[in-house]
Amino acid sequence: MAEKKATVPFSGTKEQEEALMKVIHELKDEKGALMPILQKAQDIYGYLPIEVQKMISDETGIPMEKIYGVATFYSQFTLSPKGKYRISVCLGTACYVKGSGDIYNALMEKLGIVGGECTPDGKFSLDACRCVGACGLAPVMMINDEVYGRLTVDDLDDILAKYE
Amino acid sequence: MGNVNLKINGLNVTAPAGSTILEAAQAAGIKIPTLCYLKEINEIGACRMCVVEVKGARNLVASCVHPVAEGMEVQTNTPKLLDSRRRTLELLLSNHDKKCLSCVRSGQCELQELCQELGVTDENYFEGETTHYELDESAVHMVRDNNKCILCRRCSAVCEKVQSVGVIGPNNRGFATFIGSPFEMGLGDTSCVGCGQCIAACPTGALYEKSNIDDVLAAIADETKHVVVQPAPSVRAALGEEFGYPMGTDVEGKMAAALRRIGFDKVFDTNFSADLTIMEEAHEFLDRVKNKGVLPLMTSCSPGWVKYCEHYYPDQLDHLSSCKSPQQMFGAITKTYYAEKMNIAPEDIVCVSVMPCTAKKFEIQREDQDAGGVPDVDISITTRELARLIRKVGINFRSLPDEGFDDPLGESTGAGVIFGATGGVMEAALRTAVEELTGETLEKVEFTEVRGTEGIKEAVYNVAGMDVKVAVASGLSNAKIIMDKIRAKEADYHFVEIMCCPGGCVNGGGQPQVHADVRNFEDVKAIRAKVLYDNDAAKTLRKSHENPSIKRVYSEYLGEPGSEKAHHILHTTYVKRTVN
């Protein structure tokens, strides 16, 4: 089940809100406006926290539950922000048989979050991904654009420490 | 549109173009089972129970949404179809909490019935991973048990489309899909109005009212308590359905007899306080007209509507009548006038109401509903709960004699009984207000323009030289249309009646659940409403102000309608709420 409440406090700016209102007012009278509004809202904020969904609901008159239902149905939407450092662990076949599942679980434990979430300080977010094209280095994870290969669980503390 | 000719199970059938195979089959006397389908509310063809074979079609088609066509050949009960439907049920059961023995819906469950009809012999045929959900008990009036949910979406469709509330719906996708509220809020934290229409729509035991039957039995068993009961007008129009009577049977007399045998000290009638409500509300209306008060005056009998107004139109609360609902007026007068008359301390009286409504469970806990210094009403149960209570204590309902209500709070007029149907409160109020305004006796007490089950009705009555414009709406999506007009200052009504549930209380969320097979093809609202109008027509006294018991309450205790004392006891206030 997807994660619900964002672990990071909402810090939307006035500019973001103005941009969102502009989008809503451009689209709201069109049929099927909710999807493009949610996509643009995610472009503006990076994710769709309760505060953003509430603004959309208030402005469009679409019930919150309807918005939330759509936001949790499509995998393109996320309810959690991405961290300053975005960790993606490859759970593709090659990495998985080489133990990336253990890496993923260890990271969840070390960061105190589950996949899809962001740490409360906004620093790390964790996601699973499929093949990054470096199967020869399996198991692989990426932190932003940096690739780390031939990983063991014991390597993780040192790697994370580089980003502290 | 013309008709088309088709064959169903080899029979020649004619059906209006544009109708569905399901409708054509129904008209031809052929039953096709359905599960997710609710006419005009949930037509999504998702559950695959109503599949049929259409000659030339590649796959089985969902008859609830598939339109008929000229020359179409349909089969509804081939072995392949019966097999497919049984398999669908087995798949539903693979992730269903099958605790039928302790389920409130057992015996009246559409899923259970289909399993029996289609011969499911192994409820664990597809054993595998299952999901487990905590009960949502956050709302005052009901429980949501997703472990019994089959994701048919009948509840969320009703909530959003019929009631314009939309606080429950499908979240997530695939196997993880569940019906819930936004951000996993409890229902009690949302702007749910408590109408219970989701319960009425649910085919299984996933949604049910919080039961207060045991509280009633405990109060009756307590020797120190004087326990009185008041059944609402609509209860007598539907309770019989629970005991095998055809829909549309008036069981007022047996209901009174059953309540007496359950052990209530006094069996009174909410119809009495409906008359009392009219005295106060008609007075309030005339007062607002005379003194240029806020118009239109809007009725406040329906707690689901009141809560909806508080959440969605908090800027329009001045329109709401300050009158308490009949349930609350009844409790208030019981714990003041009646308590004094009988010399019983208000705290020793337990006032129980039987309501066609789940929102009434919320209403009894509202603030400013405690005229006697204690809550006006202590326990509110639904019509369904009364039926369970009658069965539980071993009363053979069908063999009961017809009995009447007790004095002094059991006497009522025809105006009181029609409160349960959309337009009924308006008609009752007009019967009193018009006579008051003109000073003449009405020749004809029926105001037929405000009768009927349409969602919105309007009428203009010329009374003593004044054009009185009235509107009546039932179902909150219709209330919304009226409220948007009022908010935009585009409405010039003087008096508006709103009932939360479509058709009014007769179709309330606490009434006996009606199987979709019936609900989809019969006008439940009209059939039950007819009971109330017939009951009214058979009465000698049909105007609230002619009720001798009401006259006595005013002469002995309250003074005049709208007096300071009446205000203190019979009126209330509202609060602004937010939308979640």
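The values are calculated or read from the model by the stated rules, or taken from the named source; none is laboratory data. Note that the coordinates shown come from a computational prediction; the quantities given were computed from them, not determined experimentally. Cβ sites come from the backbone with ideal geometry, for glycine too, and all protein chains shown count toward neighbours.
The table that follows gives values for the structure above.
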quantity	calculated
Selection from segment A:71-84 of residues that are of a type outside the set (Phe, Trp, Tyr) and within 11 Å of another protein chain (Cβ to nearest Cβ)	A:71, A:72, A:75, A:79
Selection from segment B:358-389 of residues that are surrounded by fewer than 24 Cβ atoms within 10 Å (Cβ to Cβ) and touching a His at 6+ places or on another chain (Cβ under 7 Å)	B:362
Options A:33, A:94; residue that is away from chain B (no Cβ under 14 Å), of a type in the set (Gly, Ala, Ser), surrounded by 14 or more Cβ atoms within 10 Å (Cβ to Cβ) and under 27 Å from residue B:160 (Cβ atoms)	A:33
Entirely in segment B:264-366, the helices (runs of 4 or more DSSP H) that have 1 or more residues that are closer than 25 Å to residue B:160 by Cα	B:303-312, B:359-363
Which listed residue is in the same structural domain as residue A:135 (by TED's automatic domain parsing) and crowded, with 19+ Cβ neighbours inside 10 Å, from A:79, A:107	A:107
Single unsatisfied condition, residue A:44 versus (1) modelled with pLDDT of 95 or more; (2) within 18 Å of the chain's Cα centre (by Cα); (3) within 13 Å of chain B (Cβ to nearest Cβ)	(3)
Given (1) closer than 26 Å to residue B:109 by Cβ; (2) touching a strand residue (DSSP E or B) at 6+ places or on another chain (Cβ under 8 Å); (3) more than 14 Å from every other protein chain (Cβ to nearest Cβ), index of the condition residue B:264 fails	(1)
Meets criteria (in contact with a strand residue (DSSP E or B) (Cβ under 6 Å, 6 or more places away or on another chain), under 30 Å from residue B:565 (Cβ atoms), more than 14 Å from chain A (Cβ to nearest Cβ) and not aliphatic (A, V, I, L, M)) for residue B:272	no
Segment B:307-324 - residue that is in contact with a strand residue (DSSP E or B) (Cβ under 8 Å, 6 or more places away or on another chain) and either surrounded by fewer than 19 Cβ atoms within 10 Å (Cβ to Cβ) or not charged (D, E, K, R) (or both) and, of those, farthest from residue B:565 (Cα to Cα)	B:309
Residue that is farthest from the other protein chains (Cβ to nearest Cβ), among those in segment B:553-580 that are touching a Lys or Arg at 6+ places or on another chain (Cβ under 7 Å) and part of a helix (DSSP H, G or I)	B:558
Exclusive hit being hydrophobic (A, V, I, L, M, F, W, C) and farther than 20 Å from residue B:529 by Cβ, set B:216, B:251, B:235	B:216
Unique residue being of a type in the set (Phe, Trp, Tyr) and over 24 Å from residue B:501 (Cβ atoms) when the list is B:264, B:285, B:272	B:264
Sole residue being away from chain A (no Cβ under 13 Å), farther than 30 Å from residue B:499 by Cα and modelled with pLDDT of 95 or more, chosen from B:218, B:206, B:139, B:200	B:218
Any hit, segment A:60-75, residues being assigned to a loop (DSSP other than H, G, I, E, B) and more than 18 Å from residue B:166 (Cβ to Cβ)	yes
Per-region count, segment B:163-180, residues under 16 Å from residue B:579 (Cα atoms), facing chain A (nearest Cβ under 8 Å) and either surrounded by fewer than 18 Cβ atoms within 10 Å (Cβ to Cβ) or in contact (Cβ under 8 Å) with a residue 60 or more places away in the chain (or both)	2
Any hit, segment B:415-427, residues being more than 24 Å from the chain's Cα centre (by Cα), in a loop (DSSP other than H, G, I, E, B) and at negative phi	no
Residue in segment B:193-204 that is surrounded by fewer than 19 Cβ atoms within 10 Å (Cβ to Cβ) and over 16 Å from the mean Cα position of the chain (by Cα) present	no
Residue that is farthest from residue B:31 (Cα to Cα) [pool: residues in segment B:66-87 that are polar (S, T, N, Q) and surrounded by fewer than 19 Cβ atoms within 10 Å (Cβ to Cβ)]	B:84
Residue count for segment A:138-164, restricted to those that are more than 17 Å from the chain's Cα centre (by Cα) and either crowded, with 17+ Cβ neighbours inside 10 Å or in a loop (DSSP other than H, G, I, E, B) (or both)	13
Pair list, Cβ under 8 Å, 6 or more apart: segment A:58-70 residue more than 8 Å from every other protein chain (Cβ to nearest Cβ), other residue surrounded by fewer than 22 Cβ atoms within 10 Å (Cβ to Cβ) and aromatic (Phe, Trp, Tyr)	A:70/A:77
Residue among B:578, B:572, B:540 that is within 26 Å of the chain's Cα centre (by Cα), within 26 Å of residue B:432 (Cβ to Cβ) and of a type in the set (Ser, Thr, Tyr)	B:572
Lone unmet requirement of (1) of a type in the set (Ser, Thr, Tyr); (2) under 19 Å from residue B:519 (Cα atoms); (3) within 14 Å of chain A (Cβ to nearest Cβ) for residue B:191	(2)
